[in-house]
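The values are calculated or read from the model by the stated rules, or taken from the named source; none is laboratory data. Keep in mind that this is a model prediction, so the values were computed, not measured. Positions of Cβ are generated from backbone atoms using ideal geometry, with glycine treated the same way; all protein chains shown enter the neighbour counts. Just the protein is used for accessible areas: all its heavy atoms, side chains included, with ligands, DNA and RNA removed. Shrake-Rupley method; radii C 1.70, N 1.55, O 1.52, S 1.80 Å.
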Amino acid sequence: MAKFCGKIGYAETVETEPGLWEENITEKPYYGDLIQNARKLQNSGGVNDDINLANKISIVADPYAINHFYSMRYVEFMGAKWKISNVDVQYPRLILTVGGVWNGESS
């Protein structure tokens, strides 16, 4: 089993102006294990297929991760930011399932 060390981005929705809400991203570092390392190609109808990971990363969760797992948006892995598509709570660990490339805001 390979080891994992990287940052996870959390989104917090804040009101920047009356009636205007935006997501602020906060990154926190985590350690864990790479449980599954796989990739899949997805036909997007364009010239090139989209690359999606089907990785599962198990992190040792701190109290912040346990209380804010619903706001996890991406994980840094292999030099890129990848969307977190699923979080499975198995205290004291969180199992993150990673999908496509993250194209949103980051800190």
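Any idea which of Lys40, Lys7, Lys81 is in contact with a strand residue (DSSP E or B) (Cβ under 6 Å, 6 or more places away or on another chain), part of a strand (DSSP E or B), modelled with pLDDT under 85 and charged (D, E, K, R)? Full working, then the answer.
Working: Lys7 fails: modelled with pLDDT under 85; Lys81 fails: modelled with pLDDT under 85.
Answer to the check: Lys40.
Which one is farthest from Gly79 (Cα to Cα), of the residues in region 2-40 that are polar (S, T, N, Q) and open to solvent by less than 90 Å² (accessible area, probe 1.4 Å)? Ranking the candidates gives Thr16 first. Of all residues in region 56-87, those that are within 15 Å of Tyr31 (Cβ to Cβ), of a type in the set (A, V, I, L, M, F, W, C) and open to solvent by 60 Å² or more (accessible area, probe 1.4 Å) total 1.
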